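Visitor: Pasting in a structure now, in structure tokens, and then I'll have a few things to ask.
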Amino acid sequence: KKLKVATHETKKQATELNLKYDNESASLYWQSNENGFINLCIHNINGMVLHKYKLFADQKGIGFKESLIPGIYIAVFADQDHNIYTGKFVVSR
């Protein structure tokens, strides 16, 4: 008898999400190999949602009307297929 070996290949590679927060202009910029984000939520370190935004498919940054106090924040992006992508950014003054 021959031994059959099952292989598992991932259908989708992990998404890299690079975030940069510009403290002077209160803007968050991102780079990703994914396109088509539709929602962005900003959470504080305790998980509380602070801001929610609808995004354009090709948008790569957003300016905050509200200034964020110094601290650690989590950006949670969602695409049209309901996939979730997260990244951490730090605000310092």
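Visitor: Quick one: if you stick a label point 7 Å off each Cα along the C-beta vector at residue 64 and residue 39, how many nm between them?
Guide: Going from the residue 64 label point to the residue 39 one covers 2.0 nm.
Visitor: Next question. Quick check: pseudo-label points 7 Å beyond the Cα along Cα→Cβ at residue 72 and residue 24, how many nm apart are they?
Guide: In this crude spin-label approximation the distance works out to 2.7 nm.
Read-outs throughout are calculated quantities, based only on the coordinates presented, and are distinct from any laboratory measurement. None of these values were measured; they are calculated from a predicted model. With ideal geometry, Cβ positions are generated from the backbone for all residues, glycine too; neighbour counts draw on all protein chains shown.
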